[in-house]
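Student: Mind having a look at this structure? Questions to follow.
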Amino acid sequence: MSNAKNFRATLEAGNSFEGDFITLGAAMFEGEVLTHAHINVPLKTLNRHGLIAGATGTGKTKTLQVLAENLSLKGIPVLLMDIKGDLSGLAKPGVNHPKITERQDKIGLSYEPTGFPVELLSLSEQGGVRLRATVTEFGPILFSQILDASDVQAGIISVLFKYCDDHDLPLLDLKDFKKVLLYANNEGNKEIEKEYGSISTASTGAILRKIVALEQQGAALFFGEKSFDVQDIKRLDTKGHGAINIVRLTDIQDRPKLFSTFMLSLLAEIYSTFPEQGDSGQPELVIFIDEAHLIFDQASKALHDQIENMVKLIRSKGVGLYFITQNPTDVPEGVLSQLGLKIQHALRAFTAKDRKAIKLTAQNYPISEFYDTESVLTSLGIGEALVSALDEKGRPTPLAATLMRAPVSRMDILSPEELEEVYRKSELTAKYNETIDRESAYELLTKKLEEAKTEEIKQKTQEERKKMSSSSSSDMGQATQKAILKVLTSTTVIRSVLGILGKMIK
């Protein structure tokens, strides 16, 4: 009992904050829930990023849902990457159940079913507000990293961006950039070489192949207008609740390149447009990336480095990034080292590799005199997790096995009719779902080539006419000479001449 008292005292000392906070659940000790021994996370540290990990079916999605709900209630907008399609229920109130009541009673919290202001977004053709960005907005460096371009290829991409800037050729979609590549390879090669240096046709061909590969993953739908303004993510409803923006990604699970492209562009846009926040009381925005390994799968080292740098930098803009995955080893060590809040659901040890991963995971958490972390990781039940956060001074809070609170919104997906209702209520659908295809590099270069071809045909026609005219004059001269010769050699003329000559002789 003394150990339980000591544990509770340690928790209370580490989870009492002066500022506002979110309650995740209640601590557990030796298999028992310590009612009202709440595990809290200060809002002030939620821009320090975090991790939600655990085996399939251990409650990661419900933990994500609880965090999103509580952030919204605190007036903090949320952006969720919904890979599995099971987060739309946030828009509708949950339904009470005896098991939920029992869980909440153990924790020492009431249960009030609540729906939240949800905006459904989409990268593809499925329903939702369309997310787009232009090639120009990416810029040559980021565009090169997405294509995993070599140094030579990256140099060519930079030259082509510069050429388009200098000649007022907007790069809006992949069609535009492909046209510029083909132009640089053929008709425009001498023009570009004269201004910017020679360009290898082998390299432009390699770049073109990489763009085609990106198109095959659906990137053509993402690049274009109208560009999504990240400020629209930060909306509040009339009650002051933060908008929960859900990006529907169920149809791009097998297209990690498109997912990482979108994420990197989004983070870059947020970083470039959000003001420096400094040491404020709460974050401006929190982003949850479900199935986070998809960002890093098939991504180049340059892309990994860019994401790692963005994780380090974006905190100063008041933005928190939270990665949700089955195993912490799915996330690069450089990113893991930047994470403040860690919520670890149960891991299962079926193989020697699993046991090794559990041992490594245990070492990522603060040492606790109350827990054998490695053992606890394999014995946690559904909806239970090891939690380690940061206090208001940035120090790790005591490690605690936690019975996580239940979501107050629906723990199921919306029906097709309910999804349509969300679409109709959206303030952003009309703003972004109209496809715009204004005159850009493709049309301007096509027009330029057509004009050049027309001029070439015109010049050839003029040259042919000159030749024909010259040939006609020559033919007429020859015909006149022949006519005169014919006259001169005719019998009548000869006779006349000879007659005149005969008279003169006489």
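A short reminder: the numbers here are calculations on the coordinates, not readings from a lab. If you're wondering where the values come from, they're calculated on a predicted model, not measured in any experiment. Glycine gets a Cβ as well: all are built from the backbone with ideal geometry, and neighbour counts include every protein chain shown.
Student: For a Förster distance of 22 Å, can you work out the FRET efficiency between the beta-carbons of Ala220 and Ser272, rounded to the nearest 0.05?
Tutor: Step by step, r from the Cβ atoms, then E = 0.35.
Student: In whole Å, largest first, what are the principal axis extents of the Cα atoms in segment 225-373?
Tutor: Over segment 225-373, Cα extents along the principal axes are 50, 37, 29 Å.
Student: Sticking with the crude label model, points 7 Å out along Cα→Cβ, report the distance from Glu455 to Glu418 in nm, one decimal please.
Tutor: Taking the simple label geometry, Glu455 and Glu418 are separated by 6.3 nm.
Student: Next up: Could you tell me which GluC sites (Glu not before Pro) in segment 103-153 are loop residues by DSSP with no more than 13 other beta carbons within 10 angstrom of their beta carbon?
Tutor: In loop regions of segment 103-153 (DSSP not H, G, I, E or B), the sparsely surrounded GluC sites (Glu not before Pro) are Glu125.
Student: While we're on this one: If the viscosity is 1.002 mPa s and the temperature 20 °C, what Stokes-Einstein diffusion coefficient in µm²/s follows for segment 1-156 when Rh is the Kirkwood radius over Cα pairs?
Tutor: Result for D is 110 µm²/s.
Student: Tell me the Kirkwood radius of the chain: reciprocal of the mean inverse pair distance over distinct alpha-carbon atoms, in Å.
Tutor: About 27.0 Å, per the Kirkwood formula over Cα pairs.
Student: Run the paramagnetic zone check for Arg209: 7 angstrom along Cα to Cβ, then residues of segment 175-200 with backbone nitrogen under 19 Å.
Tutor: 178-179, 181-186, 199-200
Student: Just the projected area, averaged over all directions, of the convex hull on the alpha carbon atoms of segment 167-226: how many nm²?
Tutor: Mean shadow area of the hull around the Cα atoms is 4.4 nm².
Student: For Leu313 and Asp237, FRET efficiency with R0 = 25 Å and r from the beta-carbon atoms, rounded to 0.05?
Tutor: Efficiency for this residue pair is about 0.25.
Student: Additional query: Pull up all non-local amide H partners of Asn245: gap of 5 or more, or a different chain, and H-to-H distance under 5 Å with H placed in the peptide plane.
Tutor: For Asn245, the qualifying residues are Val78, Leu79, Leu80, Glu119.
Student: Which whole-angstrom value gives the distance between the alpha carbon centres of segment 106-184 and segment 320-386?
Tutor: That distance is 33 Å.
Student: Quick one: which residues, 5 or more positions from Leu321 or on another chain, have an amide H under 5 Å from its amide H? H modelled 1.01 Å from N in the peptide plane, none for Pro or chain starts.
Tutor: His49, Gly50, Ile287
Student: Further, regarding this structure: Identify the chymotrypsin sites (Phe, Trp or Tyr not before Pro) of segment 331-404 meeting these criteria: DSSP loop state and at most 12 other C-beta atoms within 10 Å of the C-beta.
Tutor: Loop-located and lightly packed - Phe350.
Student: Using Cα-Cα distances under 8 Å and only pairs 6 or more residues apart, what relative contact order does the chain have, in percent?
Tutor: 27 percent
Student: If you stretched the chain out fully between Lys194 and Ala430, how much longer would it get, using 0.36 nm times the residue separation minus the C-alpha to C-alpha distance?
Tutor: Extra length from Lys194 to Ala430 when fully extended: 80.4 nm.
Student: Which order results if Arg209, Arg405 are arranged by neighbouring Cβ count within 10 Å, fewest first?
Tutor: Arranged by neighbour count, lowest to highest, Arg209, Arg405 become Arg209, Arg405.
Student: Sticking with this one: Calculate the spin-label point distance for Leu182 paired with Gln253, positioning each point 7 Å from the Cα along the beta-carbon direction, and give it in nanometres.
Tutor: Reported label-point gap for Gln253 and Leu182 is 3.6 nm.
Student: For segment 360-374, in order, what is each residue's ³J(HN,Hα) by Karplus, 6.51 cos²θ - 1.76 cosθ + 1.60 with θ = phi - 60°, in whole Hz (x at glycine and Pro)?
Tutor: Result, rounded to whole Hz: 5, 4, 4, 6, 7, 10, x, 5, 10, 7, 9, 10, 9, 3, 4.
Student: Filter the GluC sites (Glu not before Pro) in segment 1-104 down to the DSSP loop ones having no more than 16 other Cβ atoms within 10 Å, then list what survives.
Tutor: Those that pass, being in a loop and sparsely packed, are Glu18, Glu30.
Student: With a point put 7 Å past each Cα toward its Cβ, work out how far Lys5 is from Glu112 in nm, to one decimal.
Tutor: 3.6 nm
Student: Take every DSSP beta bridge whose two residues both sit in the chain, then give the antiparallel share in percent to the nearest 5.
Tutor: If we restrict to bridges inside the chain, about 40 percent are antiparallel.
Student: Using each residue's phi in segment 196-206, evaluate 6.51 cos²θ - 1.76 cosθ + 1.60 at θ = phi - 60° and report the 3J(HN,Hα) Karplus result to the nearest Hz, with x for Gly and Pro.
Tutor: Per residue, the Karplus-derived 3J(HN,Hα) values read 10, x, 6, 10, 6, 5, 5, 5, 5, x, 5 Hz.
Student: Please list, in chain and number order, the residues 5+ apart from Ala37 or on another chain whose amide H is under 5 Å from its amide H, with Hs placed from the backbone.
Tutor: The list, which skips near neighbours in sequence, is Ala27.
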